[in-house]
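Have a look at the structure below, then the notes.
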Amino acid sequence: MTYCVGLKLDAGMVLLSDTRTNAGLDNISTYRKMFFFEEPGERVIAILTAGSLSVTQTTLGRLQEAVEDPDSDETSSIMKAGSMLQVATIIGETLNRTRCEISDLTRDLNQQASASMIVAGQRRDGEMRLFLIYPQGNFIMATEDTPFLQIGEHKYGKPILDRVVTPQTSLADAQKAVLLSMDSTLRSNLSVGMPLDLAVIERDGLRVSQRRRILEGDPAFMAMSSAWSAALRDSFGKVPI
């Protein structure tokens, strides 16, 4: 399983994903789940993935092929699309087509191939957009009322985001929020695991502003986790019955 989260704020976007993929307790692997398509100064697109590796990897491969195809146009290449809405449409159509093809191939095995994605980005002269794309290819968009989107094992990390994240949250506090959201998930679900990939895209920067790979035993992450646990225990003791 996995956990990925994206925040769309006034100052930019913050993205975080784990890297654990497992097919049983004795078959645990590490795969990157955060991918970038970037032309600095023109557009930046980030894709976070959850679900079947065969579906997500094939979808990403097809998107990359379209980007590299000299005959592609705004209807087939996410790097030529005229808006982030069109980017989400291309990705959704590619994801749905891939899911259906792989599901047909594995039908005799009684396996369901499914995947979802978070797509974040901005193109020149356009607004930042953050989408959650469902396996069927349809999608929803982050709004002022709901400035974050999650895929995978999201229930453990959602409460802190509900309580602290607003569009006005700073990028620094947003990074803290998503890391603590991930920390809660790591503690409660063994199917989510290190390393973690963290990225920041500043508003109108049109490039990935920050990238960070957080490894097992990272001192800063461990200190944050310990401080959060201590703060929760202290606050719990002060809550009246």
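Taking the three principal axes of the alpha carbon atoms in the stretch 2-106, the coordinate ranges are 44, 38, 19 Å, sorted in descending order.
Listed cross-link partners K155/K238; K158/K238; K80/K155; K33/K238; K80/K158 are compared with a 28 Å cut-off, the Cα-Cα value being larger for K80/K155; K33/K238; K80/K158. Sorting the Cα pairs of the chain by distance into bins of 10 Å, from 0 upward, gives 8, 31, 35, 19, 6, 1, 0 percent per bin. Available extension along the chain between R107 and E74 is 8.5 nm, counting 0.36 nm per residue and deducting the alpha carbon span. The Kirkwood hydrodynamic radius of the stretch 86-167, based on inverse pair distances between different Cα atoms, is 14.5 Å. Placing unit charges on each Cβ (+1 for Lys and Arg, -1 for Asp and Glu) gives the stretch 3-234 a dipole about its Cα centre, and among A113, F148, M84 the Cα reaching farthest toward its positive end belongs to F148. A Cα-only calculation for the stretch 147-239 places Rg and Dmax at 14.0, 46 Å.
Working ranking of peptides 151-164, 130-143, 113-126 by packing, defined as the average number of other Cβ atoms within 10 Å per residue, highest first, is 113-126, 130-143, 151-164.
A simple spin-label model places pseudo-atoms 7 Å from Cα toward Cβ; at V164 and M1 they are separated by 2.3 nm.
FYI, it's all coordinate maths here, none of it is from the lab. The structure displayed is predicted, hence computed values, not measured ones. Please note: Cβ atoms are built from the backbone with ideal geometry, for glycine as well, and neighbour counts cover all protein chains shown.
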